[in-house]
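Structure first, then comments.
The values are calculated or read from the model by the stated rules, or taken from the named source; none is laboratory data. Please read these numbers as outputs of a predicted model, since none were measured by experiment. Methodologically, a virtual Cβ is constructed for each residue, glycine included, from the backbone with ideal geometry; neighbour enumeration extends over all protein chains shown.
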Amino acid sequence: MAKKNFTGEVYYPSDDVISKAHIKDWNELSKKASEDFLGFWEERAKELYWFDQWEKVLDDSEKPFYKWFIGGKTNISYNCLDVHVKTEKRNKLALIWEGENGDFEAMSYYRLHKETCKFANILKSMGVVRGDRVTIYMGRIPEIVIAMLACARIGAIHSVVYGGFSVEALHERIEDSQSKLLIVADGAYQRGKIVPLKEIADEALQRAGGIEHVIVVKRTGQEINMEFGRDMWYHELRSLPIANQDCALEVMDAEDPLFILYTSGTTGKPKAILHTHGGYQVGTYTTLKYVFDLHDEDRYWCAADPGWITGHSYIVYGPLLNGTTSFMYEGAPNFPYPNRWWQMIENYGINILYTAPTAIRGLMRFGDAWVKRHDLSSLRLLGSVGEPINPEAWKWYFSVVGNEKCPIMDTWWQTETGMFMITPMPCVPLKPGSGTRPFPGIEIDILDDEGNSVKTNEEGYLVIKTPWPSMIRTVYGDPERFVKQYWSKYPGIYMTGDSARRDEDGYIWVIGRVDDVIKVSGYRLGTAEIESALVSHNSVAEAAAIGIPDDVKGNVIYTYVILRAGVDPSDELKEELRQHVAHEVGPIAKPASIKFVDKLPKTRSGKIMRRVLKAEELGVDPGNLSTLEE
Ligand code: PRX
């Protein structure tokens, strides 16, 4: 890696960074891993605890339903907590938390373990058993971490629904997962206001059956409805004798489900991506350790939300598996002022900051002075995730936030991959806007429609050719969709849904989604969810949604609506529809534009041609129109 002969604009790592890094020679590690990727992952798995060793690393006899660490017995919650509690890490801080209103919490591994056991016992006392689904709907508070770990401890499958989602999104996810218990907070603080989570949940529960009990965590303390016999306060349950601090742990098979997480796909409803105890822990543990180069003394902050995969893998599981001290912040980055983040980095001495381009662009808008007034010299590494980072934002992050000494780890991955797939490490030369190269042991390619590798710098479909431990196991409840969506365009090869190109140094540049997924502020939404929310309004007959590029959010949502006969278009109706989408899906899904139209461009088989709408909106060539209805 020392050779400085890369093309384009390159930032080479300093000798100081390399000398401190776990991995000093990327080429050597990558070569070793590609010669024997199973051996590479097996070595990593040995760094974690297993009640019983696996007999075989990979079973590909039923591909694409790959299985990892066959016969291995483990529990990710045990590796996150019990393992550390048995060592001198017991009193190390696992979690430091700051509420938007200034509340504060710090929890050692010892205490997080006890709290997890208490929560697990509460779940057990409510009849939750191994394999049951539990929906979790909360803001960024320590209890969300405890609830997830508690589910894992007793073998229940958690399904976390992002606190920014609203009634219909929550209803759909509760129903599809057939959860029997819901864990919800009364509310969440966001930009000085309260998001009424329990109220939203009450409305969702009127639509969904199946939930027997609701555990309510008090965060904001406003008046809420508590349904007798169904709803129980967590703080009251916590003080009962059933909430014992010791809780026997379920020994899980490596392939037993750990969680499902809903994400948007090309068509239809969001799908439940399934991850398992064994492979997922190996993938998240290893990638975080190598890429963010964790050292014992680090204070690490992933500013994502636990309700998305970034939070699952790199707020909850990855850091705890590594015995790291993680910081979590509840609220908005610019509340009450745009220096909130920089203030907290200074206050807590954060060493590693991992966030999304949209947040960087948003904070960049406020100017350098907000950053410069704080001492950010504790920062050692920076990270980016969720969408391509534009070079301008990269350079601002690098120079203003990182003071030109912190390499930026631009990590490309997905809910489905569970872990970083294309990413630098601190020892890797960086190019602003590129995630550089595949993680060791991962084979990535870029293909044309026929399945041939495209030439250097040509755009094509980004695919993954080797299985990896934390890969999606299936779409929960819909294995056919799993095969069709990911493995059917090129049989035996995983289709990511992204397009990309590879430059002369082998660096990969992800361009964006090739399907109907829209990334808004890094959040993944499907056109279908937004369209069905619009159509559920009694004024709307038909609707189409597309993503249009935006300087801060990456993309914003534009929609086209055909009104029902007799309904008059008006600006008031537009606003009502925007609010309706926010109420049904969530504020992130609110359309930036609504246009009333008489017709939508469709194929002869009736599919909406969103690319035609997009081309028209952007004033570009719509491409091949031979399938257009008229
Ligand atoms: O389009 C890619 C984009 O986010 C998609 C995955 O979204 P989700 O499952 O919500 O997971 C986001 C967090 C891992 C990808 O298909 N994406 C993610 N990271 C990057 C990215 N695009 C470019 N660069 C990235 N670093």
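Can you pull out the residues in the stretch 479-505 that are at negative phi and within 12 Å of the ligand (Cβ to nearest atom)?
Result: TYR486, TYR494, MET495, THR496, ASP498, SER499, ALA500.
Counting only residues that are under 21 Å from THR284 (Cα atoms), give me the helices (runs of 4 or more DSSP H) lying completely in the stretch 1-110 with at least 2 of them.
It comes to 26-35, 37-45.
From (1) without any contact (Cβ under 8 Å) to a residue 12 or more places away in the chain; (2) crowded, with 23+ Cβ neighbours inside 10 Å, pick out the condition that doesn't hold for ASP568.
Status for ASP568: all satisfied but (2).
Checking the conditions here, which among PRO591, PRO549 is within 27 Å of GLN190 (Cα to Cα), crowded, with 21+ Cβ neighbours inside 10 Å and not charged (D, E, K, R)?
PRO591
Being touching a His at 6+ places or on another chain (Cβ under 7 Å) and of a type outside the set (Lys, Arg) is true for just one of ASP231, ASP202, ASP246, ASP256. Which residue is that?
ASP256
Among the candidates TYR348, TYR317, TYR290, TYR354, which residue alone is farther than 20 Å from LEU95 by Cβ and at pLDDT 95 or above?
Matching residue, one of TYR348, TYR317, TYR290, TYR354: TYR290.
Can you name every residue in the stretch 534-592 that is touching a strand residue (DSSP E or B) at 6+ places or on another chain (Cβ under 7 Å), farther than 28 Å from ASN390 by Cα and of a type in the set (Ser, Thr, Tyr)?
If the condition is that a residue be touching a strand residue (DSSP E or B) at 6+ places or on another chain (Cβ under 7 Å), farther than 28 Å from ASN390 by Cα and of a type in the set (Ser, Thr, Tyr), then SER539, TYR560 are the ones that fit.
Which residues, taken from the stretch 249-286, are assigned to a strand (DSSP E or B) and over 30 Å from ALA544 (Cβ atoms)?
Result: MET252, ASP253, PRO257, LEU258, PHE259, LEU274, HIS275, THR276.
Given (1) closer than 30 Å to MET471 by Cα; (2) exposed (fewer than 15 other Cβ atoms within 10 Å of the Cβ), identify the lone condition not met by GLU172.
That leaves (2) as the condition not met.
Just to be sure, is VAL217 more than 16 Å from the ligand (Cβ to nearest atom), touching a helix residue (DSSP H, G or I) at 6+ places or on another chain (Cβ under 8 Å), under 27 Å from ALA359 (Cβ atoms) and at pLDDT 95 or above?
When the stated conditions are applied, VAL217 passes them.
Please count how many residues of the stretch 298-315 are more than 14 Å from the ligand (Cβ to nearest atom), buried (at least 24 other Cβ atoms within 10 Å of the Cβ) and outside any strand (DSSP E or B).
Qualifying residue count, the stretch 298-315: 0.
Mind checking which residues of the stretch 349-400 are assigned to a loop (DSSP other than H, G, I, E, B) and within 16 Å of the ligand (Cβ to nearest atom)?
ALA356, GLY386, GLU387, PRO388, ILE389, ASN390
Please work out which residue is nearest to PHE439 (Cα to Cα), limiting yourself to the stretch 510-524 and to residues that are in a strand (DSSP E or B) and within 9 Å of the ligand (Cβ to nearest atom).
Across the stretch 510-524, the extreme among qualifying residues is VAL510.
Scan PRO469, PRO424, PRO438 and give me the residue that is surrounded by 21 or more Cβ atoms within 10 Å (Cβ to Cβ), more than 16 Å from the ligand (Cβ to nearest atom), touching a residue at least 60 places away in the same chain (Cβ under 8 Å) and within 24 Å of TRP41 (Cβ to Cβ).
PRO469
Condition check: more than 21 Å from the chain's Cα centre (by Cα), surrounded by fewer than 21 Cβ atoms within 10 Å (Cβ to Cβ), more than 25 Å from ALA33 (Cβ to Cβ) and not basic (Lys, Arg). Does GLU504 satisfy that?
Spelling it out, it is not the case that GLU504 is more than 21 Å from the chain's Cα centre (by Cα), surrounded by fewer than 21 Cβ atoms within 10 Å (Cβ to Cβ), more than 25 Å from ALA33 (Cβ to Cβ) and not basic (Lys, Arg).
When you look at PRO440, is it in contact with a Leu (Cβ under 6 Å, 6 or more places away or on another chain) and at pLDDT 95 or above, yes or no?
Yes.
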